[in-house]
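The values are calculated or read from the model by the stated rules, or taken from the named source; none is laboratory data. Computed from a prediction, not measured in an experiment: that's the story for all the values here. Because the Cβ atoms are built from the backbone with ideal geometry, glycine has one as well, and the counts that use them run over all protein chains shown. To get the accessible areas, we keep the full protein, side chains included, count just its heavy atoms, and leave off ligands, DNA and RNA. Shrake-Rupley method; radii C 1.70, N 1.55, O 1.52, S 1.80 Å.
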Amino acid sequence: MALILVITFCVYLSIILFTKHRIAITLIGSGLLLITGVITGSYDVPEAFAGFPSEIIILIIVLTMFTSTFEQMHFIDYIGYQFLRLTKKKKVLIMVFIPVLVYAISLFMNNLTVVLLFSTIALHMIIEFELPVIPLLVSIIIGSNIGGAPLPWADTPAVVLTLYSDFTLIDFLNKLFIPCLVFALTLSVYTYIWYKRHCPETRESPFTNKPKVDFKALQKVMLLFIIYIICISIGPFYKVSLAYISLFFGGILLCVRKKDEMLLLDELPIMDSIVFLISLFLIAGVLQASGALSEAAEYIVGLTNNNMYLITLSILLLAFVASTFLSAGPAAATLLPICSSLVPLVPFRLIYAALALGILCGSSMLPWSATGGPIMLSQTRNFLERHRIKGKHKKPLHHKGLEISLSTEKEIARIYNLRSYLAFSVPFALLMLGMSAIYLMVYLKIMS
């Protein structure tokens, strides 16, 4: 087990130090861990593959197909146009409302969908309004994480918590909804504070003029998309895999689009995200199969001496650390059995709230702590690749002829700078963690 922990530590340290090569590092690390398991027999290798994220991978592919279709039909431009009408094209309102809007939509829609839809809109606005890149893009990721926490159908950890514990809809509403709403409003203020540090002059937006959208053609795709979102929200509660639902609706979308299937699939800019997520989930699967996470968690909980306050805080901290490095899904699956055994020691099923809040805070730390992070990075890379300056000529962006200068391209690429990303995400994640700890302690004190 010690060798597995050393390899894992080296992998994560290398990802942080050499972020540009994160995909290669995770591939090498996951392969090395699996080979080590086979040679040493220290854990059940097939069990590690149980964490293979087949559902998430298929979900990402189909959601990206829908997003690509909406983009080609200029529907995303239309959403941006309506959003600017709502904010009256004022940069302050854009920065303040984006996190809240993303949070609100993520309450009822998978957060991957929300990140995919808002990535392109945000990148357009960054260019034409000269908005600061880091706070706008990272606040979308964090806002989608917050929106995915307080309802049982909103995101993978919430679904896992609902299916494999007695944490009910009422528990979500009276234990998680209010703190998550506070987090979303705090994120809005936090984003505004960051924006005030970068406040250039207002420029025209690519969505100023109403885009031409063929709503008749859009109706079929939109109806299919709405039904798909509803199905993937309720499917897990009927033990129907998200992968099965996604395959079905992905096939229907290809038929409805009446476009060359291979061309549509070739245009999907997500291969790097898929490879990276597969490697991360395999590393998490190895840690689960080896028992390293469970032993560490049980040891830390054992130090609490059955004190309900310390137990709650320990689960909050464990969930925070686990989701920071392993992503939200594996963290929930690993810690849930431990939480279930601690329910008699912590009243009101608050131990599950501690788990959910810890995962929320941890998944907002690093670019790869939540699935939406790699997706956002992938969308940004594809955006720059398609509209990068070629030689002395500028490649037009959609129907508005928008051009990206080298300086703007360099500014957008800051999202890949880990230090810049962490400068925004880490303070806010720690702020949420502190607020969560205070909330849980006050709840226990008042209700006990």
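All of R386, R349 fail the test of being at pLDDT below 85, outside any loop (DSSP other than H, G, I, E, B) and not aliphatic (A, V, I, L, M), apart from R386. Can you name every residue in segment 231-252 that is modelled with pLDDT under 90 and either among the aliphatic types (A, V, I, L, M) or under 18 Å from I76 (Cα atoms) (or both)? Selection gives I232, I234, V240, L242, A243. Filtered by the rule that a residue be surrounded by 20 or more Cβ atoms within 10 Å (Cβ to Cβ), modelled with pLDDT of 90 or more and of a type in the set (F, W, Y), segment 75-114 gives a lone residue, Y103.
The requirement of being aromatic (F, W, Y), open to solvent by 60 Å² or more (accessible area, probe 1.4 Å), more than 20 Å from T26 (Cβ to Cβ) and in a helix (DSSP H, G or I) is satisfied by Y299.
Filter segment 36-74 for residues that are aromatic (F, W, Y) and either open to solvent by 60 Å² or more (accessible area, probe 1.4 Å) or farther than 29 Å from V100 by Cβ (or both) and give the result. I'd like the intermediate steps shown before the answer.
First, the residues of segment 36-74 that are aromatic (F, W, Y): 43, 49, 52, 66, 70.
Within segment 36-74, Y43, F49, F52 meet the criteria.
Rundown of residues vs (1) more than 22 Å from T371 (Cβ to Cβ); (2) surrounded by fewer than 24 Cβ atoms within 10 Å (Cβ to Cβ), yes/no style:
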residue: L116; (1), (2): no, no
residue: E130; (1), (2): yes, yes
residue: G147; (1), (2): no, no
residue: P152; (1), (2): no, yes
residue: V159; (1), (2): no, yes
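Restrict the check to segment 166-182 and report whether at least one residue is under 25 Å from R414 (Cβ atoms), open to solvent by 30 Å² or more (accessible area, probe 1.4 Å) and of a type in the set (V, I, T). No, every residue in segment 166-182 fails to be under 25 Å from R414 (Cβ atoms), open to solvent by 30 Å² or more (accessible area, probe 1.4 Å) and of a type in the set (V, I, T). When the residues of segment 183-223 are filtered to those that are open to solvent by 30 Å² or more (accessible area, probe 1.4 Å), under 27 Å from G147 (Cα atoms) and in a loop (DSSP other than H, G, I, E, B), which remaining residue is modelled with the lowest pLDDT? Result: H198.
In this structure, S425 qualifies as at pLDDT 75 or above, farther than 23 Å from I61 by Cα and part of a helix (DSSP H, G or I). From the list F172, F167, pick out the single residue that is aromatic (F, W, Y), over 20 Å from P367 (Cα atoms), touching a residue at least 12 places away in the same chain (Cβ under 8 Å) and part of a helix (DSSP H, G or I). Among F172, F167, only F172 is aromatic (F, W, Y), over 20 Å from P367 (Cα atoms), touching a residue at least 12 places away in the same chain (Cβ under 8 Å) and part of a helix (DSSP H, G or I). Residue pairs whose Cβ atoms lie under 6 Å apart, separated by 6 or more positions or on different chains, with the first residue in segment 339-361 and under 24 Å from G373 (Cβ atoms) and the second among the aromatic types (F, W, Y) and open to solvent by 10 Å² or more (accessible area, probe 1.4 Å), are G358/F320; C361/F320.
Please report, ordered by residue number, the helices (runs of 4 or more DSSP H) entirely within segment 1-104 with at least 2 residues that are touching a residue at least 24 places away in the same chain (Cβ under 8 Å) and in contact with a Phe, Trp or Tyr (Cβ under 8 Å, 6 or more places away or on another chain). Let's see the steps before the verdict.
On the way: elements: 2-17, 22-40, 45-48, 54-72, 75-87.
Qualifying helices (runs of 4 or more DSSP H): 2-17, 22-40, 54-72, 75-87.
Of K410, K392, all but one fail to be open to solvent by 40 Å² or more (accessible area, probe 1.4 Å), of a type in the set (K, R) and at pLDDT below 80; the exception is K392. Of the listed requirements (1) open to solvent by 60 Å² or more (accessible area, probe 1.4 Å); (2) under 30 Å from L131 (Cβ atoms); (3) modelled with pLDDT under 90, D272 misses just one: (1).
Got a sec? Which of A332, A354, A328 is buried (at least 24 other Cβ atoms within 10 Å of the Cβ) and more than 19 Å from the chain's Cα centre (by Cα)?
Details: A332 fails: more than 19 Å from the chain's Cα centre (by Cα); A328 fails: more than 19 Å from the chain's Cα centre (by Cα).
Of the residues listed, the single one that is buried (at least 24 other Cβ atoms within 10 Å of the Cβ) and more than 19 Å from the chain's Cα centre (by Cα) is A354.
So for segment 370-379 (the condition being surrounded by fewer than 18 Cβ atoms within 10 Å (Cβ to Cβ), part of a helix (DSSP H, G or I) and modelled with pLDDT of 60 or more), does at least one residue qualify? Even if it seems obvious, please write down each step before you answer.
So the first thing to find is which residues in segment 370-379 are surrounded by fewer than 18 Cβ atoms within 10 Å (Cβ to Cβ), and the list is none.
No, segment 370-379 contains no residue that is surrounded by fewer than 18 Cβ atoms within 10 Å (Cβ to Cβ), part of a helix (DSSP H, G or I) and modelled with pLDDT of 60 or more.
Only residues that are assigned to a helix (DSSP H, G or I), open to solvent by 80 Å² or more (accessible area, probe 1.4 Å) and not β-branched (V, I, T) were counted across segment 227-250, and they come to 4.
Assess whether F281 counts as being on the phi < 0 side of the Ramachandran plot, surrounded by 14 or more Cβ atoms within 10 Å (Cβ to Cβ), at pLDDT below 85 and among the aromatic types (F, W, Y).
Values: on the phi < 0 side of the Ramachandran plot: yes; surrounded by 14 or more Cβ atoms within 10 Å (Cβ to Cβ): yes; at pLDDT below 85: yes; among the aromatic types (F, W, Y): yes.
Judged against the criteria, F281 is a match.
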